[in-house]
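Encoded as structure tokens, the structure appears first; notes follow it.
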Amino acid sequence: MVSDAPITFGFGGVDYTGTTGARDTMKQLTEGGFHEDSEFRILVNPAQYGSAAKPAEKAVLAVCVDGDGIPCAADDAVGSRINVRVQEIGRAGGGITYTVRTATRG
């Protein structure tokens, strides 16, 4: 996956930046209708954490989204954020990849 779209996420009361590529979206049947679920990867430079704790698996991140609910940089956000839960942590070159999924469902 080539990550190239800027994304802003919050963790521990601080905003961090990363990049993301394509998202996997799926509709899941829930009581009363459908709920959009999303899965994507965030590539982060670990140096930006400094002495702050890094997110671990199952940590919840608050990701900025645009008017269509697509993760984006804070500059493009409409003031909304979605909560995503870290499912898996990996390495990519000199960075860390977080595979995340929407934290709440219907």
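Annotations
- Subset of the stretch 20-36 that is surrounded by 11 or more Cβ atoms within 10 Å (Cβ to Cβ) and part of a loop (DSSP other than H, G, I, E, B) - its residue that is modelled with the highest pLDDT: 21
- From the list 4, 66, the lone residue that is in contact with a helix residue (DSSP H, G or I) (Cβ under 7 Å, 6 or more places away or on another chain) and at pLDDT below 90 is 66.
- Sole residue being free of Cβ contacts under 8 Å to residues at least 12 places away in the same chain and either under 15 Å from residue 44 (Cα atoms) or among the aliphatic types (A, V, I, L, M) (or both), chosen from 79, 93: 93
- Of all residues in the stretch 37-95, those being surrounded by 15 or more Cβ atoms within 10 Å (Cβ to Cβ), hydroxyl-bearing (Ser, Thr, Tyr) and in a strand (DSSP E or B) number 1.
The values are calculated or read from the model by the stated rules, or taken from the named source; none is laboratory data. Model, not experiment: these values are computed from the prediction. Note that we place each Cβ from the backbone using ideal geometry, even for glycine, and neighbour counts take in every protein chain shown.
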